[in-house]
Amino acid sequence: MVGRVIQAAIQRHVSKGLTIERATLAEPQPYEAVVRIEACGICHMDLDGPSLCTLPAVFGHEGVGVVEAVGSAARVKVGDRVILGYGSCGTCPSCTQAHPYYCDQSWDVTFGGRRLDGSATLQDSSGTPLHAAFFQQSSFATHAIVPDHCLVTMPQDIPAEVGASIACGVMTGTGAILNVLNVQSGETVLIVGAGAVGLGAVMAARRAGAGEILVVDVRDDRLILAQELGATAVFNPRMGPMDAWVMTQTGRGVGKLLETSGNATAFASAIASLRTGGHMAYAILPSPMEEYMLKPMPLFEKAARFEALSFGNSVPHDLYPRMLEWWRAGEFPVDRLISKFSLAEINLAMERTRSGDVIKAVLMMDCADAA
């Protein structure tokens, strides 16, 4: 492989940490760009990557950076500052009709480890191809190669860590409120889980003018933050059944509900918290391989709508710029979620993300000691 030598965090073993190693990035194809990564958020899908992908692999899918090289037909230019959106093929009917979150080849572009033509984007110092192109970026590295249609330009004055913090989890929560549940002014919404997805939903619901924003989590520190970000009532299920608390708060259950906890017990209790005709959206990425017991009868009895999320049904080119403008206006304080780490501290950042001690860890690629 002919290309540039970079530094990448490589996961070689499921039970061991990542190692920072030299690797070689492929030359960009016509509709691709090479991006020098400034910052990259850590998402729970990066933690679960080893259970979904072949190792050795390079993860990371919340990158922000500057375009350093482009293919012959790329629609971005050298010097553009960009957020790296999620992968999509760009050519299937869903993609061409502005629904890339329903891409026909979503699994392959996200977890396949190669370009869609089967070629590798990254190899290690021994010449062995790595499982890369994670979400079509693999941005736990100093540089990434990305399809140009997945890149969204970002203003120069936005801090890199802010751009990196919105790219997946926060976008999913925001999109769930705006695009899926369509929360309107004065409505009540229940958000289960106060991680990046859930707190993104809290901020979006507050901005949408929701009347009551109910938040449930097992960590009191996150419940306090949720209140500061807009929650009107919070509950720790260690104090009792969530659905009983919801009925006390509402008298009849909630009409709109977002479940993000990835916990089977919370999942069942969330269904019990719905009112008749309610709408439940769920994003269970923290535990994607856990088996849930889903009983259709409670949903049937309530004539409830039950919907899985795909990136919050969000189009990055539409939602990212709006989220950044809301942040600039002080209406979307996503920086309250961020803890910064250097690339060399990636294992610490991953550990603290897994433990829940940080909500949105962001790797700063040019910072020797960001924590």
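The values are calculated or read from the model by the stated rules, or taken from the named source; none is laboratory data. Being a predicted model, the structure only gives us computed values, none of them experimental. With ideal geometry, Cβ positions are generated from the backbone for all residues, glycine too; neighbour counts draw on all protein chains shown.
Observations on the structure shown:
- Taken over the range 107-138, the residue count meeting the criterion of being within 14 Å of E32 (Cβ to Cβ) and small (G, A, S) is 5.
- Those residues of the range 335-363 which are under 17 Å from G193 (Cα atoms), part of a helix (DSSP H, G or I), in contact (Cβ under 8 Å) with a residue 40 or more places away in the chain and more than 15 Å from the chain's Cα centre (by Cα), in sequence order: R336
- Residues that are in a loop (DSSP other than H, G, I, E, B) and among the polar types (S, T, N, Q) were ranked within the range 290-334; the one that is surrounded by the most Cβ atoms within 10 Å (Cβ to Cβ) is S314.
- None of A167, A176, A208 is modelled with pLDDT under 95, of a type in the set (G, A, S) and either closer than 22 Å to C95 by Cα or over 18 Å from the mean Cα position of the chain (by Cα) (or both) except A167.
- Residues of the range 56-102 that are surrounded by fewer than 16 Cβ atoms within 10 Å (Cβ to Cβ) and more than 15 Å from P316 (Cα to Cα): E68, S72, A73, R75, K77, V78, G79, T91, P93.
- Those residues of the range 98-109 which are under 18 Å from T54 (Cα atoms) and touching a residue at least 40 places away in the same chain (Cβ under 8 Å), in sequence order: S106
- Any hit, the range 213-220, residues being surrounded by 18 or more Cβ atoms within 10 Å (Cβ to Cβ), charged (D, E, K, R) and assigned to a loop (DSSP other than H, G, I, E, B): yes
- Taking the range 260-272 as the range and being more than 21 Å from the chain's Cα centre (by Cα), among the polar types (S, T, N, Q) and under 17 Å from A308 (Cα atoms) as the test, only S269 passes.
- Verdict on G186 being surrounded by fewer than 24 Cβ atoms within 10 Å (Cβ to Cβ), in contact (Cβ under 8 Å) with a residue 12 or more places away in the chain and of a type in the set (G, A, S): yes
- Residues satisfying the stated conditions in the range 269-285, i.e. hydrophobic (A, V, I, L, M, F, W, C) and not in a strand (DSSP E or B): A270, I271, A272, A283, I284, L285
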